[in-house]
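Note sheet for the following structure.
The values are calculated or read from the model by the stated rules, or taken from the named source; none is laboratory data. Predicted model only: the values in this text are computed from it and were never measured. Note that we place each Cβ from the backbone using ideal geometry, even for glycine, and neighbour counts take in every protein chain shown. Heavy atoms of the whole protein, side chains included, go into the accessibility calculation; ligands, DNA and RNA do not. Shrake-Rupley method; radii C 1.70, N 1.55, O 1.52, S 1.80 Å.
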Amino acid sequence: MKGSTVTLSRLFKTLSVSALIALTSAGTTLAAGNDTEKPQRAAIPSAGSLSGAYLAAKTAQASGDLKTATDFYSQALSIDPTSETLQQDAMFAYLADGRFADGVDIAAKLRDDATVAKVARITLGVDALRKGDFDAATAEFDIVNPSDLDALLLAHLTAWAEVGAGRVDEGLSRIDQTKGAPWYQIFNAYQKGLLAAVSDRPDVARGAFESVVKDQTLARTSPDAFLGSADALARVEARQGNKDAALKAVDAGLAVAPNYTPLQFLRDRIDRGETIEPAVASVQEGAAETLYVLGQAINRGDGRDVALLYFQLARALSPRSPALLTALAGIAEQAEQLDLAISYYREVPENSAFRRTADLQIGLDLWYAEKKDESKKHLERAVRDYPDDVRAYTALADVLSADKQYAEAADALNKAIELAKADDAEKWNLYYQRGIAYERQKMWDKAEPDFKKALELSPEQPQVLNYLGYSWVDMNRHLDEGLDMIKRAVDLRPNDGYIIDSLGWALYRLGRYDDAVEQLERAVLITPMDPTINDHLGDAYWHVGRRREAKFQWERALVGKPEADPEQREKIQAKLKDGLDDASAATIKAEADGETATPPAAPAEKTPDAPLTPDEDTPGEDMPAASPDAAPATTN
């Protein structure tokens, strides 16, 4: 398959960190600690029994539907309010769903429960911080034998409680005395700077932030803390009247993440001479940043549930934080709770640096929520609202391509390419996507130069190598070079079933059927339900005499996911009835020698209804797509 498409669960990649990254809101202003307004939905039915409600809650929780889970937990608790197991599970669900008040009520009952005391006491401590009862918060955070991560979190939250109580020296000293794993360094320095800044000690804050910003290698540990330090340092300098130093701090952050929108936004405001607010304005906002930045450090894989808990605790302290809202939206998207994700994005304040990103992501989420006309209208409005933003045109092109409106997609990409800076690291992808749009319109004379330009800008992009190489082989042009390109793509992506399928199909087109079978069997093992890969393997089986297995693969293609399109189904059904005519490598080679161009076969896609996006080299296929509001993915 030359044109495998990546499912775009998010337009933007979240900054996450413990070894890597992920960044990831709209509507009603909420008082601190109030539960988040969620999308309206029909009331769930009564479970009728304790066991039924509990089972329904656990099932919904496992599927990521926390709204339904918490409703069923409430039903179960109304039947048996004394069950410790039920209370424990309900507390976690309430907190994860943003029902902070309900979570606090149960946490108070479980404060001394050996199983969940740590989470219960952290929750009660956050509630005390929220209310300004700083001594009570300090007492709750005094937990024995914490893990490395918990020890860091508790020390930072306690430091904020100390500052809230007016004990600034004690709070700063607590940070200095927090020793542990090497990765503590950047988090300690960032928090010390925030504590000092909110306590009106600019020289201490400057020194702490500078210790981070001067060492770009620290960004590999926590891009969030690194970029946060650059942002906060710039704000300290700007508030002290040091414009040049403020811009220098911004540039230090942009040197690590050139497309990081909050810093770009801040630079423009400093240039205009606007009054710059501090990074955090209160103890509550500072404690929320502690939870946020550490949550981002674990916001991937199995750590995502804990990250969600941290984010919701943080939101109880800072309910309008754009970064938190965006992070929560990203987790909702991962759980395919698209209406919830959209509701978070819509809460991002209009004057926030994250607002534009949120608007564009809403448009993409509407597409995935099967609100396709609304999605296109939303993104068409976005390009009018943000006429100089490459991302707006790219997002619109994504949904137009997914809707097979390739001419309109090409027009949007023309504008994106015109606007993109010459040194934009992602400019190759604009040419690649426009090449696809031209190729789908059978305009190969325009498509081929775009694919070549993409490779000129970024020579080792596996999807471009695959697409161009496959196209050449499929048109019987440049066979050796095309096959070499596909092999390079497979070397770069050895576990990508779609690219391996390209190699197998290219070998098939060359009449090397035994070799084709070997590669196509690998592709099917990796991507077993794709109809095109199964169809290709069936064709290869037919030509090596494995006729029964060929029919089995064709039948499998008819029930594959995603469903084969009508034209493909018709061809498969004809093969099931009549088999295949024999083709020979000699015939194909003869066409190639004469450079007889035939239109390339329509590429199959991973998700035919999904916007086209570049593949990523980030660990985990479920990672969101690239974000202008995020640093590039990094590993320790």
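What is the spin-label model distance, in nm, from LYS442 to ALA422 if the labels are put 7 Å beyond Cα along the C-beta direction?
About 3.9 nm, to one decimal.
Short version: ³J(HN,Hα) in whole Hz for each residue of the range 444-454, in order, from phi by Karplus 6.51 cos²θ - 1.76 cosθ + 1.60 (θ = phi - 60°), x for Gly and Pro, what are they?
5, 5, 9, 5, 4, x, 5, 5, 5, 5, 4
Need the full-extension length gain, GLU460 to THR217, defined as separation in residues times 0.36 nm minus the C-alpha distance. One decimal, nm.
Extra length from GLU460 to THR217 when fully extended: 85.0 nm.
By the scheme Lys and Arg +1, Asp and Glu -1, what is the net charge of all other residues having a beta-carbon under 14 Å from that of THR85?
After counting each charged neighbour, the total is -2.
State whether the range 416-463 is rounded, prolate or oblate according to the following rule on the C-alpha gyration tensor (a ≥ b ≥ c being the square roots of its eigenvalues): a/c under 1.5 gives rounded; otherwise a/b larger than b/c gives prolate, and the remaining case gives oblate.
Oblate is the answer for the range 416-463, as a/c is 1.5 or above yet b/c matches or exceeds a/b.
From Cα pairs below 8 angstrom and at least 6 apart in sequence, can you work out the relative contact order of the range 61-101, rounded to a whole percent?
Relative contact order comes out at 44 percent.
By a straight-distance test (C-alpha under 20 Å), which lysines pair with LYS192 as possible cross-link partners, with residues fewer than eight away in the same chain excluded?
Candidates past the 8-residue exclusion: LYS179, LYS214.
For SER49 and GLU274, compute 0.36 nm times the residue count separating them, minus their Cα-Cα distance, and round to one decimal in nm.
75.0 nm
Which loop-located GluC sites (Glu not before Pro) does the range 209-311 contain, where loop means any DSSP state but H, G, I, E or B and the Cβ has at most 13 other Cβ atoms within 10 Å?
Loop-located and lightly packed - GLU274.
Just to confirm, what accessible area per residue do you get for the range 453-518 at 1.4 Å probe, in whole Å²?
For the range 453-518, the solvent-accessible area averages 35 Å² per residue.
In nm, give the distance between the simple-model label positions of ASP302 and LEU525, each being 7 Å from the Cα along the Cα-to-Cβ direction.
Here the modelled spin labels are 2.6 nm apart.
Taking θ = phi - 60°, what integer Hz values does the Karplus form 6.51 cos²θ - 1.76 cosθ + 1.60 yield along the range 515-522, in sequence order, with x for Gly and Pro?
My calculation for the range 515-522 gives 5, 4, 4, 4, 6, 5, 5, 4 Hz in order.
Kindly write out, for the range 348-365 in residue order, the coupling ³J(HN,Hα) from the Karplus curve 6.51 cos²θ - 1.76 cosθ + 1.60 (θ = phi - 60°), rounded to whole Hz, with x marking Gly and Pro.
5, x, 4, 8, 8, 5, 8, 4, 5, 4, 4, 4, 5, 5, 4, x, 6, 5
Round to the nearest 0.05 the FRET efficiency obtained for ALA114 and SER83 when R0 = 22 Å and r is the Cβ-Cβ distance.
Rounded to the nearest 0.05, the efficiency is 0.85.
Over the range 67-211, what percent of the accessible surface lies on carbon and sulfur atoms, probe 1.4 Å?
Here it works out to 47 percent.
Excluding ligands, DNA and RNA, what is the solvent-accessible area per residue of the range 186-328 at a probe of 1.4 Å, expressed in Å²?
35 Å²
Let me know the shape class of the range 167-267, please: from the alpha-carbon gyration tensor, a ≥ b ≥ c as square roots of the eigenvalues, rounded when a/c is under 1.5, otherwise prolate if a/b is greater than b/c, or oblate.
It comes out oblate by the Cα gyration axes.
Decide, for the range 258-373, between rounded, prolate and oblate: order the square roots of the alpha carbon gyration tensor eigenvalues as a ≥ b ≥ c, take rounded if a/c falls under 1.5, and otherwise choose prolate if a/b is larger than b/c, else oblate.
oblate
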